[in-house]
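Read through the structure below, which is laid out as structure tokens, and then see the notes.
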Amino acid sequence: MSEFWSHIVMDFSGLFAGDAAAWFAFGQVLMIDILLAGDNAIVVGALAAGLPADQRRKVILIGIIAALVLRIAFALVVTQLMQIVGLIFAGGLLLLWVSWKMYRELQPAGGSPGSPEVEGDENSGLKPAKSFASAAWAVAVADVSMSLDNVLAVAGAAREHPGILIVGLILAVALMGVAANFIAKYIERYRWIAYFGLLVILYVAGKMIYDGFVDPVVGVGTLF
């Protein structure tokens with residue numbers, strides 16, 4: 001715990017001292033957390049939209065709790081995983097796929113009446129689940145994917161700033177638990193936020209692929 005705290009103090013001292021690299025990393029992390037928290041809420045709301053009100057609220061609650069638990073679980077192991085040769089490179093490729101998937105989701109497609117509890121999920125293009133069990137399962141599977149995406153993106157953006165990485169992962173959990181619905185509403189209303197966030201994730205993906213190849217310790221180039 002003292003080591004985590006020392007990393008946070010060091011990196012945020014750099015922020016207050018005007019360290020451009022630290023500010024750039026923090027800005028990326030903040031944008032990624034905001035965008036992916038809103039995306040998570042939109043997906044969960046759309047999948048639950050076809051259920052009766054009481055079941056719908058239960059599925060949305062399951063989705064929020066699962067996202068919180070998974071983000072914490074992935075966050076606890078991500079720094080260790082980043083030390084595995086080739087994983088940064090593979091994470092960058094995964095984020096490229098995430099970027100394509102998010103771009104597709106940003107094109108208004110209908111397909112869901114939306115859940116009243118979540119604003120901004122009406123144009124997700126996702127078909128509502130037909131039963132409580134199928135909705136809960138679909139939400140759980142989506143949460144695994146989106147939580148891994150979130151943690152990998154934050155880790156890739158702040159890999160050289162462990163203090164910002166730690167705060168970014170805590171922020172990801174907090175936003176998902178407290179403000180995801182609020183964020184989803186504004187992402188739907190102001191699409192430029194989502195497109196800007198998408199560019200940030202594309203940049204992080206490209207940087208992870210490059211670093212994941214040339215890094216002298218964990219890059220795939222060391223295998224050749």
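The values are calculated or read from the model by the stated rules, or taken from the named source; none is laboratory data. As the structure is a prediction and not an experimental result, all values here were calculated from the model. Every residue, glycine among them, receives a Cβ derived from its backbone with ideal geometry; neighbour counts consider all protein chains shown. Just the protein is used for accessible areas: all its heavy atoms, side chains included, with ligands, DNA and RNA removed. Shrake-Rupley method; radii C 1.70, N 1.55, O 1.52, S 1.80 Å.
Going through the range 100-126 one residue at a time, which ones are at pLDDT 80 or above and buried (at least 21 other Cβ atoms within 10 Å of the Cβ)? If the condition is that a residue be at pLDDT 80 or above and buried (at least 21 other Cβ atoms within 10 Å of the Cβ), then no residue fits. Annotation: L51 fulfils all but one of (1) open to solvent by less than 50 Å² (accessible area, probe 1.4 Å); (2) in a helix (DSSP H, G or I); the unmet one is (2). Among the residues making up the range 163-209, those that are assigned to a helix (DSSP H, G or I), in contact (Cβ under 8 Å) with a residue 24 or more places away in the chain and of a type in the set (G, A, S) are G163, G168, A172, G177, A180, A184, A194, G197, A205, G206. One residue is enough: does the range 159-178 have a residue meeting the conditions under 14 Å from the mean Cα position of the chain (by Cα), of a type in the set (A, V, I, L, M, F, W, C) and modelled with pLDDT under 80? Yes, the range 159-178 contains a residue that is under 14 Å from the mean Cα position of the chain (by Cα), of a type in the set (A, V, I, L, M, F, W, C) and modelled with pLDDT under 80.
When the residues of the range 59-85 are filtered to those that are buried (at least 16 other Cβ atoms within 10 Å of the Cβ) and either charged (D, E, K, R) or assigned to a loop (DSSP other than H, G, I, E, B) (or both), the one that is farthest from the chain's Cα centre (by Cα) is M82. Within the bounds of the range 128-137, is there any residue that is open to solvent by 30 Å² or more (accessible area, probe 1.4 Å), within 22 Å of I193 (Cα to Cα) and at pLDDT below 75? The answer is no, given that none of the residues of the range 128-137 is open to solvent by 30 Å² or more (accessible area, probe 1.4 Å), within 22 Å of I193 (Cα to Cα) and at pLDDT below 75.
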